[in-house]
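Here, each number is a calculation from the coordinates, and none is a lab measurement. Here the structure is a predicted model, which means the values were calculated and not measured. Cβ sites come from the backbone with ideal geometry, for glycine too, and all protein chains shown count toward neighbours.
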């Protein structure tokens, strides 16, 4: 079997193993956030930051959310990193945005954050703050989902099939899941162009 055949076979298997109940729960929680007038803040680091930016566009344009991604403002991100440190960058951004109980924080991540291993501590600190203010927490994460899956009101775990390809598969399925969500009948408000 070629690499391409093997990779695509893994993609099909991951799609078949996604838990539809997790997806339906997440769609319902998101509908509740939007219908209460809450905002959606989408967080990601590295490739997941680019995915978060794309997801914000789709949640705003297709699903009618007031949605934001802190990494879209590189000036504020780098100023906060320089002045306050990487670990607090997202939490401080959410504090400045007056995150509250009507709002939601969605994390796109491979590992979901782990303070003990110093992996994405900025995601962990942001979620600690979200819990303090009783904002809803959602995650689309890989493996066991780390801290995000532990504290989320709803988490979709991308099943790990091949330890050598957890990152590419998880990051690819971020897009599959958020596109499912923004086109879900309980969330979609506007048509796609094509």
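Just one of the numbered conditions (1) out of contact with any helix residue (DSSP H, G or I) (no Cβ under 7 Å at 6 or more places or on another chain); (2) closer than 14 Å to residue 41 by Cα; (3) in a helix (DSSP H, G or I) is not true of residue 75: (2).
Taking segment 9-36 as the search range and keeping residues that are assigned to a loop (DSSP other than H, G, I, E, B) and in contact with a strand residue (DSSP E or B) (Cβ under 8 Å, 6 or more places away or on another chain), which one is surrounded by the fewest Cβ atoms within 10 Å (Cβ to Cβ)?
So the first thing to find is which residues in segment 9-36 are assigned to a loop (DSSP other than H, G, I, E, B), and the list is 18-19, 36.
From what is left, the residues that are in contact with a strand residue (DSSP E or B) (Cβ under 8 Å, 6 or more places away or on another chain) are 18-19.
Values: 18: 17, 19: 11.
Filtering segment 9-36 for residues that are assigned to a loop (DSSP other than H, G, I, E, B) and in contact with a strand residue (DSSP E or B) (Cβ under 8 Å, 6 or more places away or on another chain), the one surrounded by the fewest Cβ atoms within 10 Å (Cβ to Cβ) comes out as 19.
Of the residues in segment 89-103, at least one is under 20 Å from residue 187 (Cβ atoms) and out of contact with any strand residue (DSSP E or B) (no Cβ under 6 Å at 6 or more places or on another chain). Taken over segment 34-89, residues that are touching a residue at least 12 places away in the same chain (Cβ under 8 Å) and closer than 16 Å to residue 171 by Cα amount to 13.
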